[in-house]
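In what follows, a structure is listed as structure tokens, so that the remarks can point back to it.
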Amino acid sequence: MLVDTTRPTGDDRHPYFDGGDHEKATGLFQLLSEDGTADERYVAGLDVELCRRMYRGMLVIRIMDERLLALQRQGRIGFYGEARGQEAGVIGAAAATLSDDWFVPALREAGGGIYRGLPLSSYIAQIFGNANDVSRGRQMPCHPCDRATQYVVMSSCVSSQIPHVVGIAWAMKIAGDKGKICIGFMGDGGTSEADFHVALNFAGVAKVPAVFICQNNQWAISTPTPAQTAAETYALKGIGYGVESLRVDGNDVLATYTATRYAAEKARRGGGPTFMEFLTYRVSAHSSSDDPSRYRDESVTETWRKDRDPIDRMRTFMRRRGWLADSDHDRMATEIETEVRTVVSQQEQVGPPPIESLIEDVYEIPTWLQREQFRELKGG
């Protein structure tokens, strides 16, 4: 499990963090430009190994998504949702957490769980819903959970997880667990749900040790930002609740890491919550059930896919500094591809959960009605 806390930037504090509330919520914190260049003042103290781990973490997501979406298209699994184009926000945030922190995802953060130690085998077992799935096939695919790494199962009911983030963080504060935080994610559409506003209000009042991240990929399934909110930015929504709000380039893994670390360190000191908007773009469909060409201009999508890809940006930056040769990338990709294909092959051979599991984990002791129905099922 990742516990690295090395600060990736130099000694000079970036002026963005000293700005006013409105300035931070309407600006855009960035360390890597789209062409992979950076201001040396703020990247001089980068930790090379941390950068390589984050790069590999993003590559894991990309390759994993490609293989698992292919499985869905082949009819071998029922559903999948990619994180393509959003890898920097997922991995940058995960890299800023410690092993005792809680991680509460939305739809596309499983790669962050894997980065923190969620076994790939557990994730893929859950997607198949086989006998190795800890939830025994009761959840649709892409809903892993892992007690050991404190990775909470994703909720398909949009934003219902945000109050849970507050509850976990509030429990930490009540218990006096200083130094621990809860980090939680949502999409841009999630900020239109009542759960978001209730949670942010409570978090601001109670000053809980939480970090909230809105992955603004500009599409709430088929609803674009202008139809979603009249606010100038999503980050502005946190200010009214007394929560410091940051707006970050979500395709810059150094920026997402640095901003999350800033928010996490503040929460660990007792400074209260932070709400962050990661500006990115959903270059894939919402899920394997969606066809985005029916509702958006895909020429815009291609611009984000080709010119603003977070993996390409970090790869260019690291290559220029001599930290990542093409052979390093190729080796990483081959290793990841082999691991994913091996785990898929293994988990696909595992049978379904035992039929008895249908009436287990519901009540401590199955009711007479459950037992009667189960006997009829087995007899049929």
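The angle separating the long axis of helix 161-175 from the principal Cα axis of greatest extent in the chain is about 80 degrees. Determine which aspartates and glutamates satisfy two conditions relative to Lys180: a Cα distance under 13 Å, and not lying fewer than 8 residues away in the same chain. Straight-line reach from Lys180, under 13 Å: Asp100, Asp101, Glu265.
With the Cα gyration tensor of the range 10-142 giving a ≥ b ≥ c as the square roots of its eigenvalues, does the rule (a/c under 1.5 for rounded; else a/b larger than b/c for prolate; else oblate) give rounded, prolate or oblate? Taking the square roots of the gyration eigenvalues as a ≥ b ≥ c, the range 10-142 is prolate. Where the centre of each part is set by its Cα atoms, how far does the range 95-118 sit from the range 232-271, in angstrom? Centre-to-centre distance over Cα atoms comes out at 17 Å. Each peptide in 59-65, 277-283 was scored by the mean count of other Cβ atoms within 10 Å over its residues; highest first, the order is 277-283, 59-65.
Only the Cβ atoms of Lys and Arg (+1) and of Asp and Glu (-1) were treated as charged; on that basis the dipole of the range 15-349 about its Cα centre amounts to roughly 720 debye. Determine the alpha carbon to alpha carbon distance for each of Lys24/Lys207; Lys24/Lys266; Lys24/Lys178; Lys178/Lys237; Lys237/Lys266 and list only those over 24 Å. From the list (Lys24/Lys207; Lys24/Lys266; Lys24/Lys178; Lys178/Lys237; Lys237/Lys266), the Cα-Cα distance tops 24 Å for Lys24/Lys178; Lys178/Lys237.
Secondary structure note: in the chain, about 15% of the DSSP beta bridges are antiparallel.
Loop-located trypsin sites (Lys or Arg not before Pro) in the range 151-186 (DSSP state other than H, G, I, E, B) with a sparse environment of at most 14 neighbouring Cβ atoms within 10 Å: Lys178. Near Cys214, once Lys and Arg are set to +1 and Asp and Glu to -1 for all other residues with Cβ below 15 Å from its Cβ, the sum equals -3. In order along the range 262-270, phi translates into HN-Hα couplings of 4, 5, 5, 5, 4, 5, 5, 7, x Hz, rounded to whole numbers, per the Karplus curve 6.51 cos²θ - 1.76 cosθ + 1.60 with θ = phi - 60° and x for Gly and Pro. Placing pseudo-labels 7 Å out from each Cα toward the beta carbon at Ala70 and Asp290 gives an inter-label distance of 2.3 nm. Protection proxy ranking, highest mean first, for peptides 212-220, 358-366: 212-220, 358-366, where packing is the per-residue count of other beta-carbon atoms within 10 Å, averaged. The relative contact order of the chain comes to 22 percent, based on Cα pairs under 8 Å that sit 6 or more residues apart. Orientation-averaged projection of the chain equals 20.4 nm² [convex hull of Cα atoms, one quarter of hull surface area]. 3J(HN,Hα) couplings calculated from phi for the range 34-48 with the Karplus curve 6.51 cos²θ - 1.76 cosθ + 1.60 (θ = phi - 60°) are, in sequence order, 4, 8, x, 8, 8, 6, 4, 4, 10, 10, 5, x, 4, 8, 4 Hz; Gly and Pro show x. Taking θ as phi - 60° and the Karplus parameters 6.51, -1.76 and 1.60, the scalar couplings of the range 93-98 work out to 5, 4, 5, 8, 8, 10 Hz in sequence order, x denoting glycine and proline.
Here, each number is a calculation from the coordinates, and none is a lab measurement. Fair warning: this is a prediction, and the values are worked out from it, not measured in the lab. Using ideal geometry, Cβ is built from the backbone for each residue, glycine included, and neighbour counts are taken over all protein chains shown.
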